[in-house]
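Structure record follows, encoded as structure tokens.
The values are calculated or read from the model by the stated rules, or taken from the named source; none is laboratory data. Source: prediction; values computed, not measured. Neighbour counts run over all protein chains shown; Cβ positions are idealised from the backbone, glycine included. Just the protein is used for accessible areas: all its heavy atoms, side chains included, with ligands, DNA and RNA removed. Shrake-Rupley method; radii C 1.70, N 1.55, O 1.52, S 1.80 Å.
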Amino acid sequence: MASFSSLAAISRPPPSSVARASFPARSVSVPRTRVNCSYAEAGVSDDSKSATIDVVADVKTERVVVLGGSGFVGSAICKAAVSKGIEVVSLSRSGQPTYPGSWVDQVTWASGDVFYANWDEVLVGATAVVSTLGGFGSEEQMQRINGEANVVAVNAAKDFGVPKFVLISVHDYNLPPFLLSSGYFTGKRKAESEVLSKYPNAGVVLRPGFIYGKRRIDGIEIPLDFIGEPLERILQAVENFTKPLSSLPASDIFLAPPVSVDDVALAVINAGQVP
């Protein structure tokens, strides 16, 4: 069953010019291994010239495609996936990030736009697609990037036979309807509907609140965790006292605990795993 999840309560430990990316052909192969058998029973000699046994094993390798993988949330997801031994492909307009990191070299980076992507190359061997696509701008721009871009990605993944799709959406903060009618939220909800429609049994929609962590903007690292982490702890500590206020319009702007970008990434990896 497709599912929604709000990350507001996660606890610790908790067109511009587009370059078409070329991906190495990586298919899940079935290796054949030659194994020499050694016997220790009495009367049976260990003969190195004895016949070999061909062992055929079906090795299933996870391969996650992260849309917007060079962004704040997307890069955290890529890093978390690499740490779990998962093969990662990132598709984003900016391509490979410029900052250093041992995990960066383990990701296949591609510069491109989802509206013009060569999905036959991007999605080859993928076991899950994760979309972090979203942004602000004019009403038309927000509808396009938050909604239409994700719809394109969902349909491409479905047509290609990718078994799972995970969408990073947004918490509604109990905002009144007239505020939720903006292109930012309507675009996100359109994307959610597409995920749940095309992936009724394997689609996951996450709705985090304010996400904190070390965010890089124009090469400058902004430590959002200095504010987000203590605020998360405080709001979780007083949660039982603030619950009566949760029904008030826009109350979650002040009451929804922030969530670490690392916690979001871990939730995504867990949601995107194929049994």
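Within region 112-129, can you find the residues that are in a helix (DSSP H, G or I) and within 20 Å of residue 145 (Cβ to Cβ)? If the condition is that a residue be in a helix (DSSP H, G or I) and within 20 Å of residue 145 (Cβ to Cβ), then 114, 115, 116, 119, 122 are the ones that fit.
Restricting attention to region 254-275, the residues that are at pLDDT below 80 and either in contact with a helix residue (DSSP H, G or I) (Cβ under 7 Å, 6 or more places away or on another chain) or open to solvent by 80 Å² or more (accessible area, probe 1.4 Å) (or both) total 2.
For region 96-111, give me each residue that is touching a Ser or Thr at 6+ places or on another chain (Cβ under 8 Å) and either assigned to a loop (DSSP other than H, G, I, E, B) or of a type outside the set (S, T, N, Q) (or both). 96, 97, 103, 107, 109, 110 - these are the residues of region 96-111 that are touching a Ser or Thr at 6+ places or on another chain (Cβ under 8 Å) and either assigned to a loop (DSSP other than H, G, I, E, B) or of a type outside the set (S, T, N, Q) (or both). Taking the conditions (1) buried (at least 22 other Cβ atoms within 10 Å of the Cβ); (2) at pLDDT below 95; (3) not β-branched (Val, Ile, Thr) in turn, residue 78 satisfies each one other than (2).
Applying the criterion of at least 1 residues that are within 30 Å of residue 87 (Cβ to Cβ) to the helices (runs of 4 or more DSSP H) found wholly in region 230-275 leaves 261-272. The residues of region 84-119 that are among the small types (Gly, Ala, Ser) and more than 21 Å from residue 262 (Cβ to Cβ), listed by number, are 94, 95, 110, 111, 112, 117. Every condition in (1) at pLDDT 95 or above; (2) open to solvent by 30 Å² or more (accessible area, probe 1.4 Å); (3) more than 19 Å from residue 76 (Cβ to Cβ) is met by residue 120 except one, and the failing one is (1). Within region 67-104, the residues that satisfy the criterion of being aliphatic (A, V, I, L, M) and in contact with a strand residue (DSSP E or B) (Cβ under 8 Å, 6 or more places away or on another chain) are 67, 73, 77, 81, 82, 86, 88, 89, 91.
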